[in-house]
Amino acid sequence: MTGSATFAPFIENRETAPAYWQVDILWLVLADGNQTGNSFSLLEELCPKDSGPPPHTHTQTEIFYLLDGEITFLVDGKQIKAKAGSAVTVPPGVAHSFRVDSETCRVLNLYVPAGFERSIVELAEPAKHRTLPPKGLPMRGSMADAMKLFAEIGMKPVPGPDVLRPAADTRMDMSGGK
């Protein structure tokens, strides 16, 4: 495909969208690369307090729109507090992470171009219910599989401490054990 991507109109909603549990987050895939000619993907997250990824970069622009709740973002070394109604834009290649400050939060994530959603669809567990996952849910597949996929979609861990979580973090370690 050359030039601008083309795709057929479609509709998806949170009641019927494919749902996945990854670590401690419920993900709803509202639009994926297959549906959008790889031009973008749109996901919704339901996250519990203290949830969030370790610092990382990826080749997609990422836009977070907070539907409800409060989050502290770390973007390019700067802490940003956001609440419902806020949009936070992270350009490609910029290091970022976040921590949920409220009891729960709901976030729309727009990725341009598509690709990031593969880390959910291929590594997360299909959700049995549209609720937060059970505690201690393991990642589907091995860390080696995850690191291979992360490389394919242009996601890289950022070495160094996670300033939003100074204590030991038991969520997904994206360093690949390095």
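The values are calculated or read from the model by the stated rules, or taken from the named source; none is laboratory data. Since we're looking at a predicted model, the values are computed, not measured. Positions of Cβ are generated from backbone atoms using ideal geometry, with glycine treated the same way; all protein chains shown enter the neighbour counts.
Listing for the model above:
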{"quantity": "From the options R165, R140, residue that is part of a loop (DSSP other than H, G, I, E, B), more than 19 Å from L42 (Cα to Cα), without any contact (Cβ under 8 Å) to a residue 60 or more places away in the chain and in contact with a strand residue (DSSP E or B) (Cβ under 7 Å, 6 or more places away or on another chain)", "calculated": "R140"}
{"quantity": "Hits in segment 96-118 - residues which are within 17 Å of L28 (Cα to Cα), touching a residue at least 60 places away in the same chain (Cβ under 8 Å) and among the polar types (S, T, N, Q)", "calculated": "N109"}
{"quantity": "Count - residues of segment 108-133 that are in a strand (DSSP E or B) and of a type outside the set (S, T, N, Q)", "calculated": "6"}
{"quantity": "Looking only at segment 88-128, and only at residues there that are closer than 21 Å to D50 by Cα and either of a type in the set (K, R) or more than 14 Å from the chain's Cα centre (by Cα) (or both), the one that is surrounded by the fewest Cβ atoms within 10 Å (Cβ to Cβ)", "calculated": "E103"}
{"quantity": "Any pair with Cβ under 8 angstrom, 6 or more apart, that starts in segment 29-55 at a residue that is within 15 Å of I153 (Cβ to Cβ) and ends at one that is part of a strand (DSSP E or B) and among the hydroxyl-bearing types (S, T, Y)", "calculated": "V29/Y20; V29/S41; D32/S41; G33/S41; F40/Y111; S41/Y111; L43/Y111; P53/S97"}
{"quantity": "In segment 7-40, residue surrounded by the most Cβ atoms within 10 Å (Cβ to Cβ) [restricted to those that are closer than 30 Å to P161 by Cβ and not aliphatic (A, V, I, L, M)]", "calculated": "W27"}
{"quantity": "Some residue of segment 86-107 being modelled with pLDDT under 95 and assigned to a loop (DSSP other than H, G, I, E, B)", "calculated": "no"}
{"quantity": "Residues that are closer than 19 Å to S119 by Cα and surrounded by fewer than 16 Cβ atoms within 10 Å (Cβ to Cβ), drawn from segment 58-87", "calculated": "T59"}
{"quantity": "Segment 110-138: number of residues that are modelled with pLDDT under 90 and within 22 Å of T59 (Cβ to Cβ)", "calculated": "0"}
